[in-house]
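The values are calculated or read from the model by the stated rules, or taken from the named source; none is laboratory data. Not measured: the values here are computed from a predicted model. Every residue, glycine as well, gets a Cβ built from its backbone with ideal geometry; the counts of neighbours run over all protein chains shown.
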Amino acid sequence: MDAALADWGPDGGRRLVDGQVGLGCRLLHITTEDRYERQPLVDGDCVLIAHVRLDNRADLCRDFGLADRSDLPDSALVMAAYRRHGLDCVQHLLGDWVLALWDRARRRLMIARCATGNVGLFWFRQGRQLLFATGIKALLAHPDCKPAINPERIAALALSVRDPEEDATVYRGIRLLEPGHLLIASADGLERRRWWRPETLEPLRLPSAAQYYEAFQALYGTVVGQHLRVGRGGVAATLSGGLDSGSVIALAAPQLPRPLKAFVHAPIYESAAATHRIGDEVPQARCVAEHVGNVEIVPLHSPNSSIVGGVEHEIRTNAEPTHGVGNGYWIADILENARAAGARVLLMGQGGNATVSYSGTGSLLPMLRSGRLSPVVMELRADQSGFWRAIKWRLIRPLAKPGYDRLRDRGPTPCSFLKPDVAKALKPSRLGTHLFDLSTAFRLGLEGAGRGRAAWMAAGARYGVDIRDPTRDRRIVEFCWRVPDEIHWANGRQRGLVRVGMADFLPAAIRDQTRKGLQSSDIIARLRLQSAEIETSLDRIAASGTARDYLDIEAMRRMFVRIAGGGNSMAEFTEAHRFVRGLGIGLYLASSRR
């Protein structure tokens, strides 16, 4: 298991066996304090292993009466928090972390994942045996972990629907511990406990709209600044033409001593972007860089990157196919270039849609139902889209939306290459189940049990790069959750929190941009030019009995023929991504011996 996690840490680490408990850790030195990590950390009757970066070091040191020295590793602060607060220590740890702590005196093992799940933690239980690791590969390396393939997860991936069980993987019995959860293993058995409940927080009430935006700007700036902590090496970032990554860079670049390298994926072939989408975001990225200053734009066209290579890279990294596998080729290119540039930290804004740039519902129905007619009229008159349009969008549309959604929701889109019996394995009655309803899960950025975040962190670890997303910071999530909807809506301007709150940091052209970017916009042209490699991969999939049990290979071939000889519309762009997702499933099944 330890050897299977070699990618996670080239900077040392040890193993410790204490009776029936075995713990191991691989170390990756990113911050100055990381150089003083000695794990497993033994402190009396307690043993700790953790992948951890704490952003509230100063507060913890003050609370525990410790000096905030560079030779005090973050793991020591986790241990001090456990000594003070016991299992509730997780409430006091801000940052990206997963941990396991063995308390010999209590004969109790605690395994926990941070609030927003920016690092993955997988676990497998068989009888009285519990295995856990930051990567599935480590679990599969154990001789007693021989799980069968999970057809429901395969079907969910192919149909592009929410997982029937949010924490499921493609292996039966291997689970991804949800964000804000912990497992407690003891002689009494195994208890799964949710420790983070942001939806129970009281709404934030401030005297004026301006104060919400000022408070957001101050908090966001603090959070981004804390995400810049690094020892040897530099900080880089991903950048698109949108609000999220742009806002992160706008706050980060002025705090750095050297220009911030911002990597921008750029298409080199004709784009499939329609008039309402942006295929090439380099011009928008340059606009941000010129406005912010201290930013060096690095467009990456990835001319030598193959679609199949990106798919196989993701499977090797995660030991399972992923939903966004069509982006794998340029993700690997960004990470390779970030490493070559000496970066140890890569900033991004992937979580912004659910937090800093959340659209808001715009609905005035709650206000109207509570009898606050005068404020409703004031909101309608102040709406920048116009009084009558505001009535349509903020009163009539929310009133009609539940019925419209019921008519529209007719189940997942059929998938031509998925065997019918596999599609039936995905029980419709289980679709959409979660701790929260869909809108709540999206707003908290917790959908999919943080699977995408875990995949990014694992990919970064392979290149010695720490992936950090300030838009998914616990404090940002909680702040954005507590803000009233009218602050997100901002008088008819959706994504009002970042557009108004970042008015001093982002150029107007970006703040007022309504078109969204289109990732991998030239994927159709790439598939056509790489047809020989695609055909070879399809042959490999066809030769696998396991793959044939799940996929209709001839349907996949017909699908590729349509893509290769078709046009370049948005519908064909969507089909191209669906095909690559099927390719990922097929290549995974072809390589699986289970």
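Observations on the structure shown:
- Filter result for A503 (out of contact with any strand residue (DSSP E or B) (no Cβ under 9 Å at 6 or more places or on another chain), outside the structural domain of I585 (by TED's automatic domain parsing) and not in a helix (DSSP H, G or I)): yes
- Any hit, the range 437-452, residues being surrounded by fewer than 12 Cβ atoms within 10 Å (Cβ to Cβ), at pLDDT below 85 and not in a helix (DSSP H, G or I): yes
- Criterion (small (G, A, S) and buried (at least 19 other Cβ atoms within 10 Å of the Cβ)) met by exactly one of S363, S357, S370, S374: S357
- Candidate set: the range 112-150, residues that are outside any helix (DSSP H, G or I) and either in the same structural domain as G324 (by TED's automatic domain parsing) or of a type in the set (V, I, T) (or both); chosen: the one surrounded by the fewest Cβ atoms within 10 Å (Cβ to Cβ): I149
- Candidate set: the range 172-211, residues that are without any contact (Cβ under 8 Å) to a residue 40 or more places away in the chain and assigned to a helix (DSSP H, G or I); chosen: the one nearest to the chain's Cα centre (by Cα): T200
- Selected residue (criterion: nearest to V230 (Cα to Cα)) from residues of the range 8-35 that are among the hydrophobic types (A, V, I, L, M, F, W, C) and in a loop (DSSP other than H, G, I, E, B): I30
- E202 in the same structural domain as G351 (by TED's automatic domain parsing) and of a type in the set (D, E): no
- Restricting attention to the range 550-570, the residues that are touching a strand residue (DSSP E or B) at 6+ places or on another chain (Cβ under 9 Å) and among the hydroxyl-bearing types (S, T, Y) total 1.
To keep it simple, each residue is scored yes or no on (1) touching a Pro at 6+ places or on another chain (Cβ under 6 Å); (2) among the hydrophobic types (A, V, I, L, M, F, W, C).
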{"residue": "D280", "(1), (2)": "yes, no"}
{"residue": "Q284", "(1), (2)": "no, no"}
{"residue": "E296", "(1), (2)": "yes, no"}
{"residue": "V308", "(1), (2)": "no, yes"}
{"residue": "T322", "(1), (2)": "no, no"}
{"residue": "W330", "(1), (2)": "no, yes"}
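- Residue identified as closer than 24 Å to A455 by Cβ, touching a Lys or Arg at 6+ places or on another chain (Cβ under 9 Å) and not β-branched (V, I, T) among L72, L77, L99, L159: L99
- Of A237, A250, all but one fail to be among the small types (G, A, S), touching a His at 6+ places or on another chain (Cβ under 9 Å) and not assigned by TED's automatic domain parsing to the domain that holds D88; the exception is A250.
- In the range 213-250, the residues that are over 27 Å from P73 (Cβ atoms), in contact (Cβ under 8 Å) with a residue 12 or more places away in the chain and hydrophobic (A, V, I, L, M, F, W, C): A215, F216, L239, L243, I249, A250
Results for (1) modelled with pLDDT under 85; (2) over 30 Å from A555 (Cβ atoms); (3) in contact with a Gly (Cβ under 7 Å, 6 or more places away or on another chain), shown as yes or no for each residue.
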| position | (1), (2), (3) |
| --- | --- |
| A354 | no, yes, yes |
| G371 | no, yes, no |
| L395 | no, yes, no |
| G432 | yes, no, no |
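- Pairing each residue of the range 456-468 that is under 16 Å from G349 (Cβ atoms) with any residue that is not in a strand (DSSP E or B), provided the two are 6+ apart or on different chains, yields C-beta distances under 6 Å for M457/V119; D466/I30; I467/W456; I467/M457; I467/G460; R468/H227.
- Within this structure, R153 fails the test of being part of a loop (DSSP other than H, G, I, E, B) and at pLDDT below 95.
- Verdict on I297 being more than 23 Å from the chain's Cα centre (by Cα), crowded, with 16+ Cβ neighbours inside 10 Å and among the aliphatic types (A, V, I, L, M): yes
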